[in-house]
Amino acid sequence: MRPATLSIATLLALSGSALAQPVLVITPAAEDIDSTGTKTVGRVVEWTSTPSGPDFAYAPYVWQRGVGFTRVPGTYATPTLVRASSDLSQFVSDLENTSNWGDLNCFNGYCFGSMTGCTPGDPRPPQDPCWVPNITHHYSAANGWVNAGSLERFLDSGTGRYFGGTRCDGTVNSPYDISGDGRYIVGGAWWAPLTTSTGGPGFGLCGHFDAFRYDSVTGTFAALPSNSGSTTTRADRVNYDGTVITGYDLGPIPDGSGGFYDARRMCVWTNGTQSIIDGISGNSSIWPVNSPGTVIAGGPASAFSQATFGVSGIKLVRWVRQPDNSWMPQNLGRPVDRFEGVSIDILVALYPSAISDDGNTIVGTAQYNALGPTGTSRVFIWNPSINAGVPVDLGDYLQTIAPTSPILADGFLLSFCNGVSADSNALLLSIFDSRNTCTNGGNSHVSFTSGVLYLNGAGIACDPPRIVSQPFDWTATQNLVGLGVAMNVAASGTFPLTYQWQREDPQNPGQWLNLDDDCSNHYIPGEGWSGFDPFFNYEGVHTNQLRIGMDEFGVCDRRGQYRVVISNSCGSVTSDPATMDVAPPLFRSQPQDASMCATGGVSSESAVFGVTDENFQELVRRWQVESPESSGQWVDIFGPTFGEGSTGLTFTVADEFSRNLTVSNVTLGTHGPSIKIRHQVESYACGVITHSDVATLTVATCCVADVDDGTGTGTPDGGVTIDDLLYYLAIFNQGLVSADVDDGSGTGTLDGGVTIDDLLYYLLRFNAGC
């Protein structure tokens, strides 16, 4: 157990019942915080260049106040959360199962009864391509990332089938926390039985989800017991030494009308023994436990408050561990509904996220109006020395102790709390920043940030800006009208940080021009962000994200180099420059070769050529034909009739200025039997010309399907026709053919009978276009 540290109540006493000015230090690495509040860890986006354009991955970084960033080895294909030990020396996350623990990477389960062409119990064909799942990994400086494995996997000798630890879609298991000492990892792991409850073969994929505890010292990966017999459990949070774990199981919840339904029941494992502490709410949130394992916090539904305390409504509940390891719930009340000048925001849920070591400070997120992104999220804090011991909005609390703090600026919303230091002075926050920097009545670009808020900022020195992730070059290749190209920077430093994006002067290289915000962003308080006006130049010039407009009118004039200057009261830093360019249109499909028949030198058919391309610019389009007089020279097609000099080549075209071209009425002349065709696009503003692949139109003289002369023979009746060929084929197929020698006349006329050479003559003539 960690040594005891100062509580908020102690800090209040030391400061004469009034806290020093709070200090916020911005850091993008904000998923977990150490016990002292001086270090955090989280994922930062890293950009890379690939042949197909920009790509990114998530990389874990540790940030330390006054020092900066340290990269932790490893990258993530998905934004997987990172949890850390109390000193941030060890981490847990789920990474790809590169060691293929349990031979599960391409495992696809077993056949079951409703699958056609698949014998129940037989292995299903492996995935193609193989989808490598994620699995729990433990990190330490000594060993790096270590694959923790999962619940044990067995091979049944009688059936030849595996059972036990398995996978479900993209995961083998999911870690949710690591103990403060770094030894234990908790989460949920998939486990599949050999047979189902009816005696048939288990499906072998997914199965049950079991709460687990992994011991990184012994390498033991074990399921936590479920006293209720539930086949679905999950462990979410663990205390410092791994002896107290919170989570849920799946079981019967009262429906309020005398019946039950299956839902999540919040439970705690104390020294390995499971207790259900909320079997009424059906709550799906994660409930934190303090480091000594003596206090748990939760936000049960109104039904729990009514049944437990005799009052309705959502309440913050604090469970205190008793000497017999039972847990006693306490009603702490709730934050008030909020009047924001237009309407009242109604509290709909409480999500506590962290508890100080002494158990006397609980922080988390209060959700108003609606669950999920359509609602409003605000950080709350509870401490018996604050607001008469009733949970209060963090912003309201800051207003009482530092009413002039820039943290209280309109539009700067403390929206989520991810952790708290052992002494409760440092809170790890996520922040919604919609501060309006516009003077034209528009709305500023909305961005998101995060940081550590020190409630008592005494002794916290100003931290100058430091950049961890530089802006990245962008070559725009797709339709981004209304969104624009985004250039991002990730930096830390004492708040307030100011951002000023700049562009290199195209007329004076080396000179940088400050950008102005168009303020076309549409953010409506209470309703959310609805996007930009399509015809903007720049948005977010004073935020950590710059958006460059991609409308067709000015996009090419916005190409060039960009950078950002970040400043605060103790320093400034300038980012590396990044280039925004506009790629030529990218053809997603190319024109294909076509052919048609002509009789008397004129086609009676049509051919259609088409392209699809990805672009955001107004393009000048035209189809072109290779000149028959000069190979490699291309002539624009202008309909409806195209003629080429003295060659006699003419044809009728349609849609010559669109993505599709229709060609008909081709007259051959001296051009020959093939015509080369391509599509050309030119960006209206950028002046970049791009051509499609070349397609060939082949025109050949074809046999005339005229009517037989009625003689019943295949003799020509005005030319070699289809009915002549059919006559000889029929005779040949009936076996009425003699293989005599050709009479040498060079014709297919009868020379004593219908012979093979007569048939071949007409076949050759037909295939050659007669």
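With every protein chain kept in the model, how would you rank Asp215, Asp636, Asp581 by accessible area, 1.4 Å probe, largest at the top? Write out the running numbers ahead of the final one.
Details: Asp215 15, Asp636 40, Asp581 60 Å².
Descending order: Asp581, Asp636, Asp215.
By accessible area of protein heavy atoms, probe 1.4 Å, what ranking do Val489, Val620 get, highest first? Present the calculation step by step, with values, prior to reporting the outcome.
On the way: Val489 10, Val620 45 Å².
Sorted descending by solvent-accessible area, the residues read Val620, Val489.
Once you list every other residue whose beta carbon is under 15 Å from the beta carbon of Ile185, what net charge do they have if Lys and Arg are +1 and Asp and Glu are -1? Don't jump to the answer; show the numbers that get you there.
Numbers: positive: Arg83, Arg183, Arg213, Arg234, Arg237; negative: Asp32, Asp94, Asp177, Asp181, Asp210, Asp215, Asp236, Asp241.
In short, -3.
Work from the charge dipole of region 301-414 (Cβ charges, +1 for Lys and Arg, -1 for Asp and Glu, about the Cα centre) and give the residue of Pro335, Asn360, Ser305 farthest towards its positive end.
In region 301-414, that residue is Ser305.
In terms of solvent-accessible area of protein heavy atoms at a 1.4 angstrom probe, what is the ranking of Thr400, Thr574, highest value first?
Thr400, Thr574
At 1.4 Å probe size, with no ligands or nucleic acids counted, give the accessible surface of Thr662 in Å², nearest ten.
The value for Thr662 is about 40 Å².
For region 385-437, what's the relative contact order in percent, using C-alpha pairs closer than 8 Å and at least 6 residues apart? Present the calculation step by step, with values, prior to reporting the outcome.
Details: 47 pairs, mean separation 15.3, N = 53.
Over region 385-437, the number comes to 29 percent.
Please give, to one decimal in nm, the separation of the simple spin-label points placed at Thr308 and Met328, each 7 Å out from Cα toward the Cβ.
So the label points at Thr308 and Met328 sit 1.4 nm apart.
Compute, for Phe472, the solvent-accessible surface of its heavy atoms (probe 1.4 Å) with the complete set of protein chains present, and express it in square angstrom to the nearest 10.
About 40 Å², rounded to the nearest 10.
Pop out the carbon and sulfur fraction of the accessible area of region 179-286 as a percent, whole number, probe 1.4 Å. Can you show the working numbers first?
On the way: 2160 of 4200 Å².
Taking all protein chains in place, region 179-286 shows 51 percent carbon and sulfur surface.
Take the Cβ-Cβ distance between Cys556 and Thr273 as r, set R0 to 60 Å, and report the resulting FRET efficiency rounded to the nearest 0.05. Don't skip to the end; give the middle numbers.
Working: r = 69 Å, r/R0 = 1.14.
The formula returns an efficiency of 0.30 here.
Under a point spin-label approximation (7 Å from Cα along Cα-to-Cβ), what is the Ala142-Asp396 distance to one decimal in nm?
Placing both labels 7 Å along Cα→Cβ, they lie 4.9 nm apart.
For region 330-423, what does the convex hull of the Cα positions come to per residue, in cubic angstrom? Walk me through the numbers before you get to the answer.
On the way: hull volume 10.7 nm³, N = 94.
For region 330-423, the hull spanned by Cα atoms encloses 114 Å³ per residue.
For region 94-229, what number results from the quotient of the Cα radius of gyration and 2.2 N^0.38 Å?
Details: Rg = 15.7 Å, N = 136, 2.2 N^0.38 = 14.2 Å.
Ratio of Cα Rg to 2.2 N^0.38 Å: 1.11.
Need one number: nm distance between label points at Thr374 and Gln511, each 7 Å from Cα along Cα→Cβ, rounded to one decimal.
Label-label distance for Thr374 and Gln511, simple model: 5.3 nm.
Rounded to two decimals, what is the ratio between the C-alpha radius of gyration of region 368-454 and 2.2 N^0.38 Å? Provide the component values of the computation, followed by the final result.
Values: Rg = 14.2 Å, N = 87, 2.2 N^0.38 = 12.0 Å.
Rounded to two decimals, the normalised Rg is 1.19.
Under the classification rounded if a/c is under 1.5, otherwise prolate if a/b is larger than b/c and oblate if not, where does region 230-371 fall, given a ≥ b ≥ c as square roots of the Cα gyration tensor eigenvalues?
Oblate.
If you take the beta carbon distance between Asp593 and Asp156 as r and set R0 to 45 Å, what does 1/(1 + (r/R0)^6) give as a FRET efficiency, to the nearest 0.05? Please list the in-between numbers first.
Values: r = 57 Å, r/R0 = 1.27.
After rounding to 0.05, the efficiency reads 0.20.
Could you give the length gained by full extension between Asp128 and Val348, i.e. 0.36 nm per residue of separation minus their alpha carbon distance, to one decimal place? Could you put the intermediate results ahead of the total?
Values: separation 220, 0.36 × 220 = 79.20 nm, distance 4.45 nm.
Using 0.36 nm per residue and subtracting the Cα-Cα distance, I get 74.7 nm.
Find the all-direction average of the projected area of the Cα convex hull for region 30-157, expressing the result in square nanometres with one decimal place.
On the way: hull surface 48.0 nm².
Result: a mean projected hull area of 12.0 nm².
Need one value: the accessible area of Thr273 in square angstrom, 1.4 angstrom probe, rounded to the nearest 10.
80 Å²
Work out how far the C-alpha atoms of region 244-328 reach from end to end along every principal axis, then list the three figures in whole Å, largest first.
39, 25, 22
In whole Å, what three semi-axes, largest first, describe the equivalent ellipsoid of region 163-274 built from its Cα gyration tensor (square root of 5 times each eigenvalue)?
Numbers: eigenvalues 120, 84, 23 Å².
One finds semi-axes of 24, 20, 11 Å for region 163-274.
Determine ³J(HN,Hα), in whole Hz, for all residues of region 554-570 in sequence, where each value follows from phi through the Karplus function 6.51 cos²θ - 1.76 cosθ + 1.60 and θ = phi - 60°; x replaces Gly and Pro.
So the J values, rounded to whole Hz, are x, 4, 6, 6, 9, 5, x, 9, 10, 8, 9, 9, 10, 9, 8, 5, 10.
Enumerate the calculated ³J(HN,Hα) couplings along region 497-506 in order (Karplus 6.51 cos²θ - 1.76 cosθ + 1.60, θ = phi - 60°), each rounded to whole Hz, writing x wherever the residue is Gly or Pro.
8, 10, 10, 9, 7, 10, 10, 5, 5, x
Could you tell me the calculated FRET efficiency between Asn660 and Asn100, based on Cβ-Cβ distance and R0 = 45 angstrom, to the nearest 0.05?
Numbers: r = 49 Å, r/R0 = 1.09.
That gives a FRET efficiency of 0.40.
The values are calculated or read from the model by the stated rules, or taken from the named source; none is laboratory data. Just so it is clear, the model here is predicted, and its values are computed rather than measured. With ideal geometry, Cβ positions are generated from the backbone for all residues, glycine too; neighbour counts draw on all protein chains shown. Quick note on the areas: whole protein, heavy atoms, side chains included, nothing else; ligands and nucleic acids left out. Shrake-Rupley method; radii C 1.70, N 1.55, O 1.52, S 1.80 Å.
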